[in-house]
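This report concerns only the one structure given below.
Read-outs throughout are calculated quantities, based only on the coordinates presented, and are distinct from any laboratory measurement. Since the model is a prediction, treat every value here as computed from it, not as a measurement. Reconstructed Cβ throughout: ideal geometry from the backbone, glycine too, with neighbour counts over all protein chains shown.
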């Protein structure tokens, strides 16, 4: 199985940071690396990155990379923001699929959203639909995960911690492995609290 894990944006992306200065890419990059470690424990998994630490990779390049590899799954990791100039109370986790509601993406998004909430104990903002470029142009099942708000003081604090990043990565890896029947004994997972 071929999977692209995409760390959204890049170090040079403007206006993509917490109010106190952590770049979104720092969070996104850590989560995809941790998720890859977990997924690669299964020999069936081939995990690729579409981002690059040395430059901002365009959305067009990311989509073409996935399509050229003929991947089965594309998951883009992000941290959200709401009117990003000052701290505010908007918080929680949401998962996006294309507005055409492809059934495979919807089913996996349900599992992803449920596991992200389970592992992080954050507010469930639900599954959303959109016509975002990557959701539209990637041929594989494509999903975008928004793992918390950089403009919320409490979630910004969590986004900076290794523990929270690993929790998000575990939720993503568990979801993929469960969805594709590669993960055994899901009932044995422990609930982790990050409050």
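Hey, fewest Cβ within 10 Å first, where do 154, 162 land in order?
With the sparsest Cβ surroundings first, the list reads 162, 154.
To the nearest 500 deg cm²/dmol, what mean residue ellipticity at 222 nm is calculated for the chain from DSSP H runs of n ≥ 4 alone, each contributing -39,500 (n - 2.57), summed and divided by the residues?
It lands at -12000 deg cm²/dmol.
With the Cα gyration tensor of the stretch 83-180 giving a ≥ b ≥ c as the square roots of its eigenvalues, does the rule (a/c under 1.5 for rounded; else a/b larger than b/c for prolate; else oblate) give rounded, prolate or oblate?
oblate
Can you tell me what share of the DSSP beta bridges in the stretch 2-188 is antiparallel? A percent to the nearest 5 is fine.
Just about 15 percent of them are antiparallel.
Under a no-solvent Debye model with one identical scatterer per Cα of the chain, what's log10 I(q)/I(0) at q = 0.11 Å⁻¹?
Log10 I(q)/I(0), no solvent term: -0.44.
By its C-alpha gyration tensor, with a ≥ b ≥ c as the square roots of the eigenvalues, how is the stretch 33-140 shaped: rounded for a/c under 1.5, else prolate for a/b larger than b/c, else oblate?
Cα axes put the stretch 33-140 in the rounded bin.
When 39, 116 are ordered from fewest to most other Cβ atoms inside 10 Å of their Cβ, what list results?
If I rank by nearby Cβ atoms, fewest first, I get 39, 116.
Would you mind ranking 143, 3, 97 by Cβ crowding within 10 Å, fewest neighbours first?
Ascending number of Cβ neighbours within 10 Å: 3, 97, 143.
State, as an integer percentage, the relative contact order of the chain based on alpha-carbon contacts under 8 Å between residues 6 or more apart.
RCO, the chain: 27 percent.
Just to be sure I understand: with springs between alpha-carbon atoms less than 10 Å apart, which residue in 93, 103, 144 has the highest mean-square fluctuation in the Gaussian network model of the chain?
103
Looking at the chain as a GNM with Cα springs under 10 Å, which of 164, 180, 34 has the largest mean-square fluctuation?
180
For the chain, with a Gaussian network of springs between Cα atoms less than 10 Å apart, report the residue from 169, 105, 79 with the top mean-square fluctuation.
105
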